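The values are calculated or read from the model by the stated rules, or taken from the named source; none is laboratory data. Keep in mind that this is a model prediction, so the values were computed, not measured. Cβ placement follows ideal geometry from the backbone for every residue including glycine, while neighbour counts extend to all protein chains displayed. Only protein heavy atoms, including side chains, enter the accessible area calculation; ligands, DNA and RNA are left aside. Shrake-Rupley method; radii C 1.70, N 1.55, O 1.52, S 1.80 Å.
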Amino acid sequence: EKNYLYADEKEQMTRANGLYVLTSILFYIFAAVIVFVAYLRGIRSLGFTCMIGVVVLVMIVLNLMLYRTNSADRRIRYVLSTGLLVITFFTGIVFDAYYLRFMGAVPFIICIVFFDRRYSRFYGVVTSALNIIISVLHRCTGEETVDQICATLVICFMMLLIYWTVAVAHTFNRDTIGQLGEEKKKQQDMMDHIVNVAEQVREGTEQAVD
């Protein structure tokens, strides 16, 4: 059984949640460090820095509590994703560097292993819309405008690609499980037929002897 540990859906969810929690926490910490450094340089205010710090702390504690309580809890991915979007929105507005927006979108790649099309579709649309809003709010000029638009288009395409991948993976997984189920049923029917034939032969032999 240990050789096929991750054939169990609960074990799959636990492993996927653990990976998603780890990558998201790394993003939270990195974003908090960037904001804190900006505060030290006099670029960002103390109030904004504290706000991001509180959001990061709450998200980390909340997700660790959820994971420790039930590591296979499906709510973990939604809480993590919401936290990523909130931090991406605030940091994306106040910072011109769009790499933060990419960092906020990259952890969604891990969500492919959840095979959850509804989740991928919803957060793909929300993430794309959020990045479009951020680009509009920046009101950049010249080459900065082109950079912001290109970055937004790439993120939108990445989220679309993630959804397509999830949809294809879900189809592969569903068909594989369906085929295995049919083969198991055929084998069971064959075994039942063999047992019935053997029982009939036994009964016939007993009658012949009598």
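For this structure, a couple of remarks:
- Between Ile93 and Val168, the contour length at 0.36 nm per residue exceeds the Cα-Cα span by 23.6 nm.
- For segment 37-111, radius of gyration divided by Kirkwood radius, i.e. Rg to Rh on alpha-carbons: 1.03
- Met103, Met190, ranked by accessible area, largest first (probe 1.4 Å): Met190, Met103
- Among (1) 1.70; (2) 1.12; (3) 1.56, the entry derived from the coordinates for Cα Rg over 2.2 N^0.38 Å: (3)
- The largest-to-smallest principal axis extents of the Cα set in segment 87-183 are 62, 22, 17 Å.
- The chain - percent of accessible surface contributed by carbon and sulfur, probe 1.4 Å: 65 percent
- Computed E for Asp73/Arg117 - FRET, C-beta separation, R0 25 angstrom, nearest 0.05: 0.80
- For the chain: accessible area per residue (Å², 1.4 Å): 64 Å²
- Zone of Val126's modelled label, taken as backbone nitrogen in segment 80-104 under 19 Å from a point 7 Å along Cα→Cβ: 80-93, 101-104
- Computed with a 1.4 Å probe on the full set of protein chains, the accessible area for Glu11 sits at about 60 Å².
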